[in-house]
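To start, the structure under review is shown below, and the notes come after it.
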Amino acid sequence: MKGFLSVLRFELTNYFKNKGYLITTGIIAVVLIVGLSLPSFFDMSGLFGGNDKKAESSESVSDEEKKNFIIFDKENIIKDVKGLENVFIGSSWKVATNEQEVKDAVNNEEAEAGFILNSPTSYKYIVQNSSFSDGNQQMFDSYLSRLNRESYLSNKGIDVNEIDALYNTQINSEVELLGKDTVSNFAYTYGLIFVLYFMIIYYGQLIAVSVTTEKSNRAMEILVTSTSSNALIFGKVIAATIASLAQVGVILASALVTYKFNSAAWGGKLDFIFNISGETLATFAIFGLLGYLFYAFIFGSLGALVSKTEDIGKSASPVTMIFVVVFMAVMFGLNNPESMLMNILSYVPFSSCMAMFVRVAMGSVKTIEVVISLVILAVSTGFVGVLGAKIYRMGTLRYGNPVKLTNALKSLRKDG
């Protein structure tokens, strides 16, 4: 125990004295605090609450900003172009006297597009170049359809306003959730999954590099003979865990506390990100911690199998690839947390730290399912920790070419 505490203290001191660690944590925390506090000191309505201004903007568009269109109406079907200006927001319309005038205006870039109306149901669209984002025809079709409908109803003696009122009947509804609000929970679930992903990838590599660095300068020989391999790897992994939790904790706490004090200024617009239930946070903390330890022990043992830091990437690539595939599968499963894929992933130790969290945050999971997944992950983490310590001790005293994980496992089996 004394050896473990010594290693833990030494590793934590290295982390907390590292300028990169402190500066990165400080900068991210300060940026979040300042960014989330801005609405309390400055008027941000133009960015976040400018609906009224947007409505007014369509009326106050200058002539230079308006889109110009031209139309030739052979049969004088459209009595007033103001109707077109209401459909084509921010537009200006010119009435041509012949088809050639329309084509010349478009060709000379005096008009963005032109319309030659042959009948109430037929027209020619004149444009210089076609575009995927061109929605002018759809809007013009909609306008003509309305004109034809109004003309037909008027000829039949039917009040157009009554029909419009019938089509636009107000339907009132309310949603009573019996489970989880998947839509509202999506944002923070997505964000927390990314946090866990970067924690494991970044700190896993740091642990592996730390082990390999000590091995390359022969400090490992002294460490292994002066304390147990269990104390070494567990000390390194737990230290990295504490350091990462401290870093992420400071960043998340900065964001959550700052938004809590400034939520009124934001008008609740970021509630879908920061209103995280206690159940969800507890699940993320427990499964995230065990999943982190699971991968950290693996990266630590893999770092002991190589003698040069440049070989770490090759040695750790299989595990890194597995983790990336798991991450992609879970991100894909966010759209359907109750799918068979997510059910399977929530019980596999390599993926349960993410998959079960997603199911709890966005789906309906029975308590027994969570307990079973948690037990499997906890037992697997303990097993990987013990196995990692054995690989760590064996690998630290082997120099030269990198040792493959399969060969290391075979050697342990023979020795055992």
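Based on what the data block shows, is residue 49 within 29 Å of the chain's Cα centre (by Cα), surrounded by 11 or more Cβ atoms within 10 Å (Cβ to Cβ) and modelled with pLDDT under 80?
Yes.
With a cut-off of at least 3 residues that are in contact (Cβ under 8 Å) with a residue 40 or more places away in the chain and in contact with a strand residue (DSSP E or B) (Cβ under 9 Å, 6 or more places away or on another chain), name the strands (runs of 3 or more DSSP E) lying wholly within segment 86-192.
113-119
When you check residue 171 against the structure, is it of a type outside the set (D, E, K, R), surrounded by 10 or more Cβ atoms within 10 Å (Cβ to Cβ), over 21 Å from residue 10 (Cα atoms) and at pLDDT 80 or above, yes or no?
no
Results for (1) more than 21 Å from the chain's Cα centre (by Cα); (2) among the acidic types (Asp, Glu); (3) modelled with pLDDT of 85 or more, shown as yes or no for each residue.
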residue	(1), (2), (3)
252	no, no, yes
269	no, no, no
282	no, no, yes
295	yes, no, yes
298	yes, no, yes
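Considering only segment 146-161, state which residues are hydrophobic (A, V, I, L, M, F, W, C) and out of contact with any helix residue (DSSP H, G or I) (no Cβ under 9 Å at 6 or more places or on another chain). Give the steps one after another, and end with the answer.
Of all residues in segment 146-161, those hydrophobic (A, V, I, L, M, F, W, C) come to 147, 153, 158, 160.
Those that are hydrophobic (A, V, I, L, M, F, W, C) and out of contact with any helix residue (DSSP H, G or I) (no Cβ under 9 Å at 6 or more places or on another chain): none in segment 146-161.
Report, by residue number, each residue of segment 302-326 that is part of a helix (DSSP H, G or I), among the charged types (D, E, K, R) and over 30 Å from the mean Cα position of the chain (by Cα).
310, 311 - these are the residues of segment 302-326 that are part of a helix (DSSP H, G or I), among the charged types (D, E, K, R) and over 30 Å from the mean Cα position of the chain (by Cα).
Considering 322, 368, 372, which residue is out of contact with any Pro (no Cβ under 9 Å at 6 or more places or on another chain), over 19 Å from residue 188 (Cβ atoms) and free of Cβ contacts under 8 Å to residues at least 12 places away in the same chain?
Every option except 368 fails the conditions.
The values are calculated or read from the model by the stated rules, or taken from the named source; none is laboratory data. The model shown is predicted, which means the values in this text are computed figures rather than measured ones. Backbone-built Cβ (ideal geometry, glycine too); neighbour counts: all protein chains shown.
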